[in-house]
Amino acid sequence: MNSTTNAGTAAAERIAHRLTKPGTAGFRPNIGAQSLGAGALGGVLLHFERIRLGLGDAATARAWLRAVAHPNVNSTTATNLFNGAPAIAFVLHATDAPSRYDHLRARLHEQVQAITTGRLALARERLHHQRPTGFAEYSQLSGLSGLATYLLATEPGSDLTGDVLTFLVTLTKPIRIGRTWMPGWWADHDPFLKQSPEFPGGHLNMGAAHGIPGPLTALALAYNANLRVPGQRDAIEWICRFYDTWQHEAGWWPQWLTREDLDRGRASQPRPGRPSWCYGTPGIVRALQLAAIALDDPARQAAAEGALARCLNDADQTSLLVEGGLCHGTAGLYRITQRVAEDASGDRFTTALADLEVHLAARPVPEHGFLDGEVGLAFTLQAAGPRITDESIWDAALGLAAPKVLR
C-alpha cells in the first residue's frame, strides 16, 4: 500500500467518524431518509459495510438503520433500488448484514417481490397500449434494471427474475410513436423528466444512470451466469451494435438522442460530456465490457476498454470533472476504472488509476450522500489501489459489479 492509498484510507476513516451519529446534518434537504442516493440510507450502507470489513461498530450501524427504517418502510410500487424497501434490502444484502437482521431481510424481500410484480404489470400494460416508456419504468436508478440487480443477487433462478429479464429484452424491440418507429426505450420526457421544446416527444437516453446501459448490464450479468430467457443474447448484441452506430470517431458517445438526431443519423452533441458514471463514456464502457464478456467477444471487449483508455488520456474530458462524488465526479471515474481493469488483460490502467488517486480526496463533494457525497467517496477511498481487494459489491447498485451470488 503506497502513501497515497494510506492517506485515502485515513480520509475514509475521518468521513466515517463524522457520520457516527444518525441525524447528522449534510444530507440533501427535502430528500427522504430511505433514499440511497442522497438520503441517510447512505449512512446505513457505510456503517454496515464497515462492519463487514471489521472496521465498524454494530451499535452505530443499528442506530443508523433504526433512524432510517423505523417505524415504517416505504414499500409502494414507486420504490426502487435507490429508495424505500428495495434500497434497504439491497443495503443489508450487499453488506452481508449480521444474522440478527435475517427477519427484517426476509420481510423486505417479500416487499421487493410484490413491488417488482406490480412494476411488471404496469410495464406490460404500457406495452399493450404501445405507449412510450420512462426512466421510472426501466432504469438502473429508478426502474426494473435496478430491481433486477437486487433479484439477481437474491433469487437469480426464480420466475420473477426471469420475467424481469424478459421485460428488459423487450426494450430492444421497436415501438411505434405516432407514425414513427422508435427504439423500445424511447422515453416520453426529456432528460430532466420534463416536457420541453428541445426534446419534442421525448428522447433516447444513452447514459448508465437513466439509459439502456442499465438493462444491458442486467442482461449481460445474467447471461454470463447462464441465467437466460428467449431473445436475451440478441438483445445484448443489438444494444452493442446500437452503441457502435452512435460512437463518435474520437471514441465517446452522446448522452442522449433526440428525434431529430435519429432522423438524420447523427448526434447533435458537439463534444464529449464529463467522464462520469451517470452520463459519460466510462459508465457506458463498463456496460459494454460486461456485455462483451457475456458474449465471449474479445474484440468487442478490447474496443470498450480502448474507449475508456482514450477517455482517460483526453485532458479535455477529464478536466470537466470538478466534483469528487460517484455519480458525476472523480470517485465514480476511479471506481469504474478499477472494475474495468479487473476484467481487462494486462495493466494498461495502472498509471491512470495512480494519477486519479491523487485527486480522489482533493475534489469537493457537496453533501454526505452516497451518489454525490462523502459516503460514496469514503467507499472509493477505502478500496483505493490498482485492484479492489475487499470483496465489496456496494457498486453493484451502479451496475459496475456482479452480485456475489453470480461472481
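All of the numbers you see were taken from the coordinates with simple rules; none came from a lab. Only a predicted model underlies this, so the values are computations on that prediction, with no experimental measurement involved. FYI the Cβ positions are ideal-geometry reconstructions off the backbone, even for glycines, and counts take in every protein chain you see.
Here are some notes:
- Cut-off 14 Å between beta-carbons: net charge of the residues surrounding ASP244, Lys and Arg +1, Asp and Glu -1: -1
- Considering only alpha-carbon pairs that sit under 8 angstrom and 6 or more positions apart, the relative contact order computed for the range 285-380 is 27 percent.
- Answer label for Cα extents along the principal axes in Å (calculated), chosen among (1) 59, 46, 42; (2) 72, 53, 43; (3) 86, 48, 43: (1)
- Pairwise alpha-carbon distances in the range 151-221 exceed 21 Å for 36% of all pairs.
- Total formal charge among the other residues, if their Cβ is under 10 angstrom from that of ILE336, Lys/Arg +1 and Asp/Glu -1: +2
- Part-to-part distance (alpha-carbon centres) for the range 251-303 and the range 25-46, which is given in Å: 30 Å
- Where trypsin sites (Lys or Arg not before Pro) fall in DSSP loop in the range 241-270, at most 15 other Cβ within 10 Å: ARG266
- Per residue of the chain, the DSSP helices (runs of n ≥ 4 H) give a summed -39500 (n - 2.57) that works out to -15500 deg cm²/dmol at 222 nm.
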